[in-house]
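Here's the structure we're looking at; comments come further down.
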Amino acid sequence: MEKAKISTYQLFVLIFLLEIGSAILVPLAIEAKQDAWLAVLIGLAGGCCLFWIYHSLYSYYPEIPLTEYIQQILGSFLGKVLAFFYVLYFMYIAARVLRDFGEMLIIVFYPQTPLFIMNVLMVLVVVYTISKGIEVIARTGELLFIIMMLIGISGTVLIIISGIIEISNLEPMLEEGIKPVIKTAFTQTLFFPFGEVIVFAMVLPYLNQKSKAMKTGLLGLGLSGLIIALIMAMNISVLGVNLISRSHFPLLSTIQTIEFAGFLQRLDITFMLSTVIGGFFKISMYFYASMVGTANLFNIKNSAQLAYPLGLLLLVLSITIASNFSEHVYEGLQIVPLYVHLPFQVIIPVLLLIIAFFKNRNKQRKRIRN
């Protein structure tokens, strides 16, 4: 681990930006139809429970990251194997997010530009930033968080005063009962985006006020979850469920409907700016976690020297991860949540916490006896 420290505010900002990330890009939880916003809030509640699990593990091992305390919990051999799979998981998610934003930029803004070029440009920025360390990432986040909030507030105000919101599109609430909403929450929004906060198990050891980790994490999750739910409700009220279900990027479609005073329209640039900021931080955090985990596994003191070779791997993986955008979306919605996110975000952390609990209880008993 590098010798660095981040503040609670910086941790809050990083969690917020990661959660917003690609969640505002896609028609999140649209399987719940007009109750998608409610599925987001239920997923948020589940995400807070998951963060409690990650924080509990962190409280047992506050000075070391996930890939290192796994080895202490499970032993050297099995721990290294599982830590290696977590490194692959972090790299895989970083590649998926990179592909998301590369595809978005090509489909919406640069249709004649190859995907490879878009991804190269993003990777270069990510790798350069990551090579400077977690403190630089955090300070960059503080600046761009303000920009994101200004864009979000101004966009919301413009949508409201444009008179394009139809509250009736959100009705009837729970038309098919609560079951479809809960199903969507626990098969999608629990894992994406809220369970993805597991990446901060690699970052929490850098926090300078360790006693405030839980409160800060819940604040970051809570604010981002409320904003995501608000965005989904706003998209549905403006576009309707049918249009959103056919749209790759519903927030962009919502922004394109803004027209105020006969001249203020075509605000696509605000969508591109906010999503690129969110995507940059989400890719950066997952890539940083994979880099630190790799350095830990192979006893490399300066993890920054891995930035460029791993950046090349990230670029190649993002291109080869799917043959086309439709396949990429299908994998992300149907395969990744249950076969990738579920074990790495839920099952393994729960098992690790149970083992860590009994191990630390036995240690305390031995100390009392001695």
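The values are calculated or read from the model by the stated rules, or taken from the named source; none is laboratory data. Being a predicted model, the structure only gives us computed values, none of them experimental. Cβ atoms come from the backbone with ideal geometry, glycine included; neighbour counts cover every protein chain shown. Areas reflect the complete protein model, heavy atoms only, side chains present, ligands, DNA and RNA absent. Shrake-Rupley method; radii C 1.70, N 1.55, O 1.52, S 1.80 Å.
These residues, Ser211, Ser224, go from largest to smallest accessible area, 1.4 Å probe, as Ser211, Ser224. Counting only protein heavy atoms and using a 1.4 Å probe, the accessible area of Phe298 comes to about 130 Å².
When the charge dipole of the chain is built from unit charges on Cβ atoms (+1 for Lys and Arg, -1 for Asp and Glu) and taken about the Cα centre, the candidate among Val127, Ile300, Ala29 whose Cα reaches farthest toward its positive end is Ile300. Could you please state how large a percent of the accessible area of segment 224-295 is carbon and sulfur, counting protein chains only and using a 1.4 Å probe? Within segment 224-295, the accessible surface is 64 percent carbon and sulfur. What is segment 297-370 by shape, rounded, prolate or oblate, if you read a ≥ b ≥ c off the alpha carbon gyration tensor as root eigenvalues and call it rounded for a/c under 1.5, prolate for a/b larger than b/c, and oblate otherwise? Oblate, because a/c is 1.5 or more while a/b does not exceed b/c. When the accessible area of segment 122-219 is split by element with a 1.4 Å probe, what percent falls to carbon and sulfur? Taking all protein chains in place, segment 122-219 shows 67 percent carbon and sulfur surface. Within segment 162-256, which GluC sites (Glu not before Pro) sit in a loop by DSSP and count at most 12 neighbouring Cβ atoms inside 10 Å? In loop regions of segment 162-256 (DSSP not H, G, I, E or B), the sparsely surrounded GluC sites (Glu not before Pro) are Glu175, Glu176.
Quick one: grab the alpha carbon gyration tensor of the chain, order the square roots of its eigenvalues as a ≥ b ≥ c, and give me rounded if a/c is under 1.5, else prolate or oblate depending on whether a/b is larger than b/c. Display every interim value, and only then the final one.
Numbers: a/c = 1.86, a/b = 1.49, b/c = 1.25.
Here the chain falls in the prolate category.
Rounded to the nearest 10 square angstrom, Glu2 shows an accessible area of 60 square angstrom against a 1.4 Å probe.
The helix-only estimate of mean residue ellipticity at 222 nm for the chain, built from DSSP H runs of length n ≥ 4 each weighted as -39500 (n - 2.57), is -22000 deg cm²/dmol after division by the residue total.
Classify segment 63-221 from the C-alpha gyration tensor, please: rounded if a/c falls under 1.5, else prolate or oblate depending on whether a/b exceeds b/c. Prolate, because a/c is 1.5 or more and a/b exceeds b/c. With protein chains left intact and a 1.4 Å probe, residues in the chain average 44 Å² of accessible area per residue.
Taking the 1.4 Å solvent-accessible surface of segment 1-111 as the whole, the part contributed by carbon and sulfur is 69%. The H on the amide N of Ile6, modeled in the peptide plane, is under 5 Å from the matching H of Leu207, Asn208, each at least 5 residues off or on a different chain. Computed packing ranks the peptides 148-160, 31-43, 227-239 as 31-43, 227-239, 148-160, most packed first, by mean other Cβ atoms within 10 Å. Helices of the chain meeting both criteria, an alpha-carbon length of 15 angstrom or more along the long axis and an average Kyte-Doolittle score not below 0.0, with helices taken as full DSSP H segments, are 8-20, 36-60, 76-108, 115-131, 134-161, 213-239, 268-297, 307-320. Pairs Lys80/Lys301; Lys179/Lys215; Lys80/Lys212; Lys132/Lys282; Lys210/Lys282; Lys3/Lys215: which are spaced more than 19 Å apart, C-alpha to C-alpha? Pairs exceeding the cut-off: Lys179/Lys215; Lys80/Lys212; Lys210/Lys282; Lys3/Lys215. Between Ser168 and Asn299, the modelled labels are 7.1 nm apart [label points 7 Å from Cα along Cα→Cβ].
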